[in-house]
């Protein structure tokens, strides 16, 4: 496991804290500040109240765990997912909620994976980050951090309002496994096309309770942390060649393909294309069909261009995002060998990631 440091900050002194929150800092823009020479360096979270003094109004016990070496999200991999999941699992009964600070580029992948890893979760796990460092004049980091912490600590009738993995960014709270990054230049970096916004932050935080996972506390938290990385993404495009598809489908030790198709799951009907997919499936490769469209869903068989996929055993990915599809496939392949069990688990929702 990667090394990490741990500090404790009580914002409510001399009052008794109303809730305890664990912040896990993995890296990313939010946790960076400019040094005297203008270079970006990791933020010292022991001075967080100096940078975000309004945190004192929340009256919380904050504990911050930081990766010893902050990781750019482009370098995040399943080992890091496991470390984050293990931290939440190990400290689960000590805290009322969790905030994960993460770079934006792969945040939707990590947050989606976390939603599948934490079975029976009944506390908030809120991912957030920033487009500008916390020390920048116009940074979005302060609002994102403050509101993510507030959501993670909010309760009604002594129960958390949110008890699932989410992404909070630019005034909206989204279900993690329904989210994807869509902007690199504007603050509204994340969208959820196939599922409603869970909450909106304005003068008050307006929660849409009907679409938030209902609170359940009967079972113990179970951590799933086995991922099979022998998967690949096959993105279709007009003019894709037989050689390209052959090379991808015949990768040694390949176990899974997430295939990004057109529209509602459509693909070329060229005999060579169907044959290469059929041979891969016969060798035990799982092929999961998701749409390239940000919204909508795959419905195999609606058009002739997807009927043949249905016949050869390609799995219909419904309205899964690419980020959810790849992390869910890796996790299920890490736990299962039987193709029928794999198919069944892929087609059934684990934590609200798809609509039946």
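The values are calculated or read from the model by the stated rules, or taken from the named source; none is laboratory data. Everything quoted here is computed from the prediction, not taken from an experiment. When we count neighbours, we look across all protein chains shown, and the Cβ atoms used for this are built from the backbone with ideal geometry, even at glycine.
Quick grid of which residues meet (1) under 17 Å from the mean Cα position of the chain (by Cα); (2) without any contact (Cβ under 8 Å) to a residue 40 or more places away in the chain:
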{"site": "294", "(1), (2)": "yes, no"}
{"site": "302", "(1), (2)": "no, yes"}
{"site": "310", "(1), (2)": "no, yes"}
{"site": "319", "(1), (2)": "yes, no"}
{"site": "326", "(1), (2)": "yes, no"}
{"site": "335", "(1), (2)": "no, no"}
{"site": "341", "(1), (2)": "no, yes"}
Tell me, yes or no, whether the range 151-167 has at least one residue that is within 20 Å of residue 85 (Cα to Cα) and out of contact with any strand residue (DSSP E or B) (no Cβ under 8 Å at 6 or more places or on another chain). yes
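Listed here are the residues, each with its yes/no results for (1) in contact with a helix residue (DSSP H, G or I) (Cβ under 9 Å, 6 or more places away or on another chain); (2) buried (at least 17 other Cβ atoms within 10 Å of the Cβ); (3) within 22 Å of residue 178 (Cβ to Cβ).
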| position | (1), (2), (3) |
| --- | --- |
| 259 | yes, yes, yes |
| 262 | yes, yes, yes |
| 278 | yes, yes, no |
| 292 | yes, no, yes |
| 307 | no, no, no |
| 310 | no, no, no |
| 323 | yes, yes, yes |
| 329 | yes, yes, yes |
| 339 | yes, no, no |
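Could you identify the single residue in 193, 183, 218 that is modelled with pLDDT under 95, over 20 Å from the mean Cα position of the chain (by Cα) and in a loop (DSSP other than H, G, I, E, B)?
Result of the check over 193, 183, 218: 218.
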Select from the range 185-227 the residues that are in contact with a strand residue (DSSP E or B) (Cβ under 7 Å, 6 or more places away or on another chain), under 27 Å from residue 89 (Cβ atoms) and without any contact (Cβ under 8 Å) to a residue 40 or more places away in the chain and list them in ascending order. 192, 198
Where residue 172 falls short, out of the listed (1) surrounded by 21 or more Cβ atoms within 10 Å (Cβ to Cβ); (2) modelled with pLDDT of 95 or more: (1)
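Here's the yes/no breakdown for (1) surrounded by fewer than 17 Cβ atoms within 10 Å (Cβ to Cβ); (2) part of a helix (DSSP H, G or I); (3) at pLDDT 95 or above; (4) in contact with a strand residue (DSSP E or B) (Cβ under 6 Å, 6 or more places away or on another chain):
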residue	(1), (2), (3), (4)
49	yes, yes, no, no
54	yes, yes, no, no
81	no, yes, yes, no
86	yes, yes, yes, no
99	no, no, yes, yes
Filter result for the condition that a residue is at pLDDT below 95 and more than 20 Å from residue 109 (Cβ to Cβ), over 337, 300: 300
Of all the residues that make up the range 105-135, how many are assigned to a loop (DSSP other than H, G, I, E, B) and either surrounded by fewer than 17 Cβ atoms within 10 Å (Cβ to Cβ) or outside the structural domain of residue 76 (by TED's automatic domain parsing) (or both)? 3
